[in-house]
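Notes follow the structure.
The values are calculated or read from the model by the stated rules, or taken from the named source; none is laboratory data. What you see is a predicted model; the values in this text were computed from it and never measured. Please note: Cβ atoms are built from the backbone with ideal geometry, for glycine as well, and neighbour counts cover all protein chains shown. Accessible surface is based on the protein model in full, side chains and every heavy atom, while ligands, DNA and RNA are left aside. Shrake-Rupley method; radii C 1.70, N 1.55, O 1.52, S 1.80 Å.
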Amino acid sequence: LGAGPGLTPAGDDFVGGAFFARALLARASVVDGAAWRAAAVDVLHAARRATHPISAALLGDLMEGHGWAPLHDLVDALTTGAPVGHVLASARRLVAIGHSSGWDIFAGVVAGTLGRVARDDA
């Protein structure tokens, strides 16, 4: 938290993306929602001391499963089997956010989702 460039540091964006993915997976009953919510509360508490207040607020939104429209569009496109062109257009809109925030959030979403896949393979 608080690491990396930008008003919303890259580390915050990455962590927010991972928790965004976990919030959606918890809503779908794919992961333990209570455990992830408890972790989110702890991380958000630490963020209030470790990063910019704007970044902490945005991190809190992502942890609740709220975010920019392009993020929701991308997740919807990926989960509904949308045509590849729609998926790519959504991804392009997401990665255009900020200097690197969109890319960092996207990487966090991938990491948050892959954590579930890795456990399933174990």
Max mean-square fluctuation residue, GNM over the chain, Cα-Cα springs under 10 Å, options Gly85, Gly108, Gly60: Gly85
For the chain: relative contact order, % (alpha-carbon pairs under 8 angstrom, 6 or more apart): 38 percent
Fluctuation leader among Arg49, Arg37, Arg22 - the chain, Gaussian network, Cα springs under 10 angstrom: Arg49
Förster-model FRET efficiency, 30 Å R0, His45 and Val84, C-beta, rounded to 0.05: 0.15
Surface per residue (accessible, 1.4 Å probe) for the chain, Å²: 53 Å²
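Once you have a ≥ b ≥ c as the square roots of the Cα gyration tensor eigenvalues for region 62-111, tell me rounded if a/c is under 1.5, and otherwise prolate or oblate according to whether a/b is larger than b/c.
oblate
How large is the convex hull of the Cα atoms of the chain per residue, expressed in Å³ as a whole number? Don't skip to the end; give the middle numbers.
Details: hull volume 11.8 nm³, N = 122.
Dividing the Cα hull volume of the chain by its residue count gives 97 Å³.
If you take the square roots of the eigenvalues of the alpha-carbon gyration tensor of region 1-50 and sort them as a ≥ b ≥ c, do you get rounded (a/c under 1.5), prolate (a/b over b/c) or oblate? Could the numbers behind the result be given before it?
Working: a/c = 4.22, a/b = 1.84, b/c = 2.30.
Oblate shape, in that a/c is at least 1.5 and b/c is the bigger or equal ratio.
How much mean residue ellipticity at 222 nm does the chain get from its helices, if each DSSP H run of length 4 or more adds -39500 (n - 2.57) and you divide by all residues, to the nearest 500 deg cm²/dmol? Can you show the working numbers first?
Working: 6 runs with 92 residues, N = 122.
Computed ellipticity for the chain at 222 nm equals -25000 deg cm²/dmol.
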Backbone HN-Hα couplings from phi across region 85-92 [Karplus 6.51/-1.76/1.60, Hz, Gly and Pro as x]: x, 5, 4, 5, 5, 5, 5, 4
